[in-house]
Amino acid sequence: MTLAVAATVGALFALGTFLLLRDDLVKVVWGLAIISQAANVYLIGMGGIVEGTSETVPVLATHHAPFPETVDPVVQALVLTAIVISFGMTAFALTLSYRAYQENESINVTEWKQ
Amino acid sequence: MEPQLWVLTVAIGLPFVAAVLTPLFYRVVGERVGYLGAAVATVSFGLVLTQVGTEGTVATPWIPSHDVALRFHVDGLALLFALLASGIGVLIFAYATTYMHGMPDLGRFYMALLAFMGSILGVAFAADLLVLFLFWELTSVTSFILIGYHTEDASSQYSARMAMIITVGGGLCLLVGLLVLAVAAELAGVGAFNLAAILENAETIRAVLEANGLFVPALVLVTIAAAAKSAQVPLYFWLPGAMVAPTPVSAFLHSATMVKVGVYALGRVRPLFHGPEWMFLVATLGMLTMTVGAILAVLASDIKELLAYSTASHLGLMIAGFGFQTHYGPEAGAFHLFNHALFKAALFLVAGIIAHEAGSRQIDELGGLWRALPVTAAITAVATLSMAGIPPFSGFYSKEILFEAAWETAQAGGGLAWLYPATAVFASIFTVLYSLRFLWLFLGEKPEELGTVHRAPFTLFAPPAVLAVGVAFVSLLPDVAIGFLVDDAASAAALEPVAIDAKIPTHLSGPVAMSLVTIGVGFAAFPYYTEIRSILARLHGATRRTHPVTVYNGLLGATDRASAAISTHVHTGQIRTYVWWLLASACALTVAGYASTVTGLPTPTSAETPVAMILVLGVAVFAAIAVTVAESHVTGVLTLGILGFMVAIFYILASGPDLALTQLVVETLLLLIFLLVIEELPAFYRELEWGKVLRDAALSVFVGATAFVSVLYAAPAEDRGLTETASEYVDTAVPEGGGTNIVNVILTDFRAFDTLGESIVIVIAALSVLVLVTMRDRGETQ
């Protein structure tokens, strides 16, 4: 299972990096978005991936101990935060690109006035 | 008797408190704020004075888990140093109120001066390695501010930067040296940062240092730090540069106190490092500086420059004193520390008077000043004769003890050790020469070109007069000063019993003969001063390429050029350049880390991957590829959406329903925002440059491979179970959080503050978006 996740994370990081290096500003933002996704999957991978069943989901069915062995809830809390933050970041980066286009009249970053 | 903690804390803390308040007072009372400084210095002086006769260590915990404490140790050496700093401080503040009259930025000036005084008192009493380092660096920083007082002046900037680089560079050596000591102390079972305990258990620490081969490194590091601070060869050149500072600063920092921090520190650690290596390094360094400083002082053309080189030379004398192994060594070091502070501070103040009243600092333009400045002339006579070491003035006694130390060392060592007394005499001849030259400014005929010399106001000559009276007092009754403090100071640095014997010799011995030669040759050569100077100037010019300051400028220029060259490559203003360097270096460091710590590639676990998950992840990767090769922005955004939704499904499969929900909401919103923005942006057409694409692809593969390997290394073993933190949350979610959804409980209860921070981030992002979108139309630009 780890191998599949590792391959995905590696591929997403590679493609995201490639996009970050483009001259088209929109593609740079896409690169950021893809790298955020990859990082989130990476974090989930670090908590150990268990195929979802009603037992493993970190939502308890019982109010009393002993509690069942769920998947790691800490990484999920982290990733939940990360998803929301990366949403804010991507939205901001997009608007910034829009404003940069207005100021420079081009979305090609190499054509900007220094 | 035990010292009192509150007295020391107030004495050290008060200058800092006053420093913070000074700018406020300056607004109210103007430049009279200098008197506040004098008052603070008087209070500190008085408080330190009450501790005379006490000895011991007092502490208040600071970081108890690491045994770091605000720890002060009081003994003769600390008291001597602190009394000099605060006592001369009083005079300097009084002098500065007149001298700095009408100058700008006096609030900042007095603030830095007060903070400096507090730091120097801190260095004097600090008995904790970290506290010592802190105060040590504070003296460098305040010195930087004071040297750079004329902020607009290029030479002032250059000199301040030079002093900063040298002394802070030395400070870094000190830090490493102190950490080595701390490690040794911890190994020896003595509190790691407790300097007082380290010195008490010097033998044990020394054994630990030697067993681990750290003795010489620690010794060398501490010596470099002291040499940088105390202007020893080859790091002396910042001191003459520091003379661009106003004269009160030169008198206070760069003659009496800050430059003695290095000497003081060596005196402090002498009991720990004492031995043949110590003597070879420290005594030789001191002797060398004594000679070089004295020769350069003879060469100087400016009176403050002369005094600066002379200071370096005398600091060399003290360091050599502490370097010698015989009991005469620390006696000479401590006694000269005291004498030098008195006469050199007086001479700097005299130099200020000359500059102020005669309008020139050039040695060749000055002469016959005694008619206009009779009191100043008397002060100068006492101070210069003491500096030259002419009996019966105070400088003679301490220099005579140094001669005894050198003589005894030579007799014990034989052979090359005779170079010590020979060098001491050679250097001292030059000392006599430049001292007489300085005195000659007041004697002889007044040159025609020199305009009217004004009389000095009382407030200018009173402070040096007090110091001169001090010199005269020590000259007449040396035993009183010795008995009061200097004996205790010397014994703090010595292992042997100490008994300073200061009197005019009555019968001939080796050291006495050394003094006779010094004074005789000095006086005999003085008529040929100009000739000696021109010979020295020729030698000096011929060796210019090897001067430390030339090396310094060369290194500085090379660093400048190198950083300019690097920045044209790294700092281009193009996103791709930054991404390139950042990712390439981050990945290279990561891979280097793996290569150096992990053996072999990670083996992926064998658990089977469900087909659904392979399918979802595969679609996600294909979507990402589609995004990368997308022709138009719209197709790219839509395929980016597919990637996001696939990741959401992956979360469902990987037991994270909350993540999937959030991801779905976020993806939907993002898709909308993307489409809204893209509608406003033009299409992008550009021919592909294959060279660029290949290079970028190479970096991408490198980054991807690093990420791939990192996931494999970081993934937990499948049968590991939950971490301690995770199972704690699982077990307490219901009883303490009152909810069965553990992720929710973590976010809203256990780590609610983090979630609040996250919400603030989103709010800031939203506000920024709003500003970016709306403010342009309101005419923010153009």
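The values are calculated or read from the model by the stated rules, or taken from the named source; none is laboratory data. Computed from a predicted structure; not experimentally measured. Cβ sites come from the backbone with ideal geometry, for glycine too, and all protein chains shown count toward neighbours.
Here B:T423 meets the list (1) within 29 Å of B:I88 (Cα to Cα); (2) under 34 Å from the mean Cα position of the chain (by Cα) almost entirely, failing just condition (1). Please work out if B:T662 is outside any loop (DSSP other than H, G, I, E, B), hydroxyl-bearing (S, T, Y), within 20 Å of A:L12 (Cα to Cα) and not assigned by TED's automatic domain parsing to the domain that holds B:I742. No: the conditions fail for B:T662.
Of the helices (runs of 4 or more DSSP H) lying entirely inside the stretch B:154-237, those carrying at least 3 residues that are buried (at least 24 other Cβ atoms within 10 Å of the Cβ) and not charged (D, E, K, R) are B:154-188, B:215-229.
Across the stretch A:53-81, the qualifying residues are those that are in a loop (DSSP other than H, G, I, E, B) and in contact with a Leu (Cβ under 9 Å, 6 or more places away or on another chain), and the one among them that is farthest from A:S36 (Cα to Cα) is A:F67. Would you call B:V579 within 10 Å of chain A (Cβ to nearest Cβ) and crowded, with 16+ Cβ neighbours inside 10 Å? Here the answer is yes, as B:V579 does meet what is asked. Assess whether B:Y651 counts as being outside any helix (DSSP H, G or I) and either at pLDDT 90 or above or at the interface with chain A (Cβ under 10 Å from one of its Cβ atoms) (or both). In short, no.
Taken together, B:A705, B:A683, B:A766, B:A697 contain a single residue that is more than 7 Å from chain A (Cβ to nearest Cβ), surrounded by 12 or more Cβ atoms within 10 Å (Cβ to Cβ) and in a helix (DSSP H, G or I), which is B:A766.
For the stretch B:477-567, the helices (runs of 4 or more DSSP H) that sit wholly inside it and include 3 or more residues that are hydrophobic (A, V, I, L, M, F, W, C) are B:487-493, B:510-525, B:529-542.
Being crowded, with 19+ Cβ neighbours inside 10 Å, more than 19 Å from B:T732 (Cα to Cα), free of Cβ contacts under 8 Å to residues at least 60 places away in the same chain and of a type in the set (S, T, Y): is that true of A:S86 here? Criteria met by A:S86.
Of the residues in the stretch B:516-529, not one is out of contact with any strand residue (DSSP E or B) (no Cβ under 7 Å at 6 or more places or on another chain) and either charged (D, E, K, R) or within 30 Å of B:V269 (Cβ to Cβ) (or both). If you go through the stretch A:81-96, how many residues are more than 7 Å from every other protein chain (Cβ to nearest Cβ) and over 13 Å from the mean Cα position of the chain (by Cα)? Here the count works out to 1.
Against the test of being surrounded by fewer than 17 Cβ atoms within 10 Å (Cβ to Cβ) and more than 7 Å from chain A (Cβ to nearest Cβ), the options B:E667, B:E631 yield a single qualifying residue, B:E631.
Restricting A:P58, A:P66 to those that are more than 7 Å from chain B (Cβ to nearest Cβ), more than 17 Å from the chain's Cα centre (by Cα) and modelled with pLDDT under 90 reduces the list to A:P66. Of the residues B:L114, B:L121, B:L91, the single one that is buried (at least 24 other Cβ atoms within 10 Å of the Cβ), over 23 Å from the mean Cα position of the chain (by Cα) and not assigned by TED's automatic domain parsing to the domain that holds B:P464 is B:L91.
Just so you know, in the stretch B:716-732 the residues that are facing chain A (nearest Cβ under 7 Å) and part of a helix (DSSP H, G or I) include one that is farthest from A:Q76 (Cα to Cα), and it is B:D731. Screening B:F322, B:F348, B:F335, B:F343 for residues that are under 23 Å from B:Y236 (Cβ atoms), buried (at least 24 other Cβ atoms within 10 Å of the Cβ), touching a residue at least 12 places away in the same chain (Cβ under 8 Å) and in contact with a Lys or Arg (Cβ under 7 Å, 6 or more places away or on another chain) leaves exactly one candidate, B:F322. The residue list B:R32, B:R71 contains one member that is under 25 Å from the mean Cα position of the chain (by Cα) and basic (K, R), which is B:R71. Against the criterion of being among the aromatic types (F, W, Y), at the interface with chain A (Cβ under 7 Å from one of its Cβ atoms) and either touching a helix residue (DSSP H, G or I) at 6+ places or on another chain (Cβ under 9 Å) or in contact (Cβ under 8 Å) with a residue 12 or more places away in the chain (or both), B:F674 qualifies. When the stretch B:48-62 is limited to residues that are within 27 Å of the chain's Cα centre (by Cα) and closer than 17 Å to B:V10 by Cβ, the one that is surrounded by the fewest Cβ atoms within 10 Å (Cβ to Cβ) turns out to be B:T60. Report whether or not B:V131 is over 13 Å from B:L253 (Cα atoms) and assigned to a helix (DSSP H, G or I). Spelling it out, B:V131 is indeed over 13 Å from B:L253 (Cα atoms) and assigned to a helix (DSSP H, G or I). Just one of the listed residues (A:R99, A:R22) is closer than 30 Å to B:L688 by Cβ, free of Cβ contacts under 8 Å to residues at least 12 places away in the same chain and more than 7 Å from every other protein chain (Cβ to nearest Cβ), namely A:R22. For A:I34, state whether it is surrounded by 24 or more Cβ atoms within 10 Å (Cβ to Cβ), at the interface with another protein chain (Cβ under 7 Å from one of its Cβ atoms) and not in a helix (DSSP H, G or I). Considered against the rule, which asks whether it is surrounded by 24 or more Cβ atoms within 10 Å (Cβ to Cβ), at the interface with another protein chain (Cβ under 7 Å from one of its Cβ atoms) and not in a helix (DSSP H, G or I), A:I34 comes out as no.
Being outside the structural domain of B:A294 (by TED's automatic domain parsing), surrounded by 14 or more Cβ atoms within 10 Å (Cβ to Cβ) and in contact with a helix residue (DSSP H, G or I) (Cβ under 6 Å, 6 or more places away or on another chain) is a description that applies to B:L536.
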